[in-house]
1. For residues that are outside any loop (DSSP other than H, G, I, E, B) and exposed (fewer than 11 other Cβ atoms within 10 Å of the Cβ), tally how many sit in the range 43-67.
2. Restricting attention to the range 21-47, which residues are modelled with pLDDT under 80 and farther than 29 Å from residue 59 by Cα?
3. Restricting to the range 62-93, count the residues that are more than 16 Å from residue 25 (Cα to Cα) and modelled with pLDDT of 80 or more.
Amino acid sequence: MAKETLRSTVTKDTQVTDSRPIFPKENYKYMLAGIIVVVIGFLLMMGGNSNDPNTFDVNEVYSFRRITLAPIVIVLGLLIEVYAIMARPKTKE
């Protein structure tokens, strides 16, 4: 038995165009919301700047906002992103 190979020939004149979006408009809104939530989480994690580089303020660096709240907000944003990707479009009945 001879092996059959499948070949596709593409010429310069052949052009595949599909202008349909990958996701519905609602999913893109959820994606944007998820990105904004993740950015807010990273902004919450920032800070801890000190005027004197020789001092280390434990309460400033290991605060509730940076150690607990910011990671929770970031994970929430990532879960929104997963939902935005996995959500099926609603069908009109």
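1. Residues in the range 43-67 being outside any loop (DSSP other than H, G, I, E, B) and exposed (fewer than 11 other Cβ atoms within 10 Å of the Cβ): 3 in total.
2. If the condition is that a residue be modelled with pLDDT under 80 and farther than 29 Å from residue 59 by Cα, then 21 is the only one that fits.
3. 18
The values are calculated or read from the model by the stated rules, or taken from the named source; none is laboratory data. None of the values given here were measured: they were computed from a predicted structure. Glycine gets a Cβ as well: all are built from the backbone with ideal geometry, and neighbour counts include every protein chain shown.
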